[in-house]
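The block underneath contains the structure these notes are about, expressed in structure tokens.
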Amino acid sequence: MAAPQYIDFFIDPDTGEMEIKIEGFPDAVCDAMAAEILKNLGMKDAKVTKTGSYEGGDGQTRTQSIS
């Protein structure tokens, strides 16, 4: 069974800080999506954290957190 693929957006109602999580995509796709999200949202000083990558079985997955 393939890992779920999704992009979650979280906004802190008190601070307005945004966190975006990208889950379950191959490394290159995840990197490209993170760059496109940053560009389109105008997030020039965002921090990107790559939290994991998995290769094997039915493909690659990666999780990135942008805040």
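Every number here is computed from the coordinates shown, using simple stated rules; none is lab data. The model shown is predicted, which means the values in this text are computed figures rather than measured ones. A quick note on method: Cβ atoms are made from the backbone with ideal geometry, for glycine too, and the neighbour counts reach across all protein chains shown.
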Tabulate in residue order the Karplus-calculated ³J(HN,Hα) for segment 16-24, using 6.51 cos²θ - 1.76 cosθ + 1.60 with θ = phi - 60°, rounded to whole Hz; enter x for Gly and Pro.
-> x, 5, 10, 10, 10, 10, 10, 9, x
Measure off 7 Å from each Cα along the Cα-to-Cβ vector at ASN40 and GLN5, then give the distance between these two points in nanometres to one decimal.
-> 1.5 nm
For PHE25, the residues 5 or more places away or on another chain with a placed amide H closer than 5 Å to its own amide H are ARG62
Under a Cβ-Cβ cut-off of 12 Å, what is the net charge of the residues other than ASP8 that fall near it, where Lys and Arg count +1 and Asp and Glu count -1?
-> -1
Gain on full stretching of the segment that runs from ASP14 to THR51 - 0.36 nm per residue minus C-alpha separation | 10.8 nm
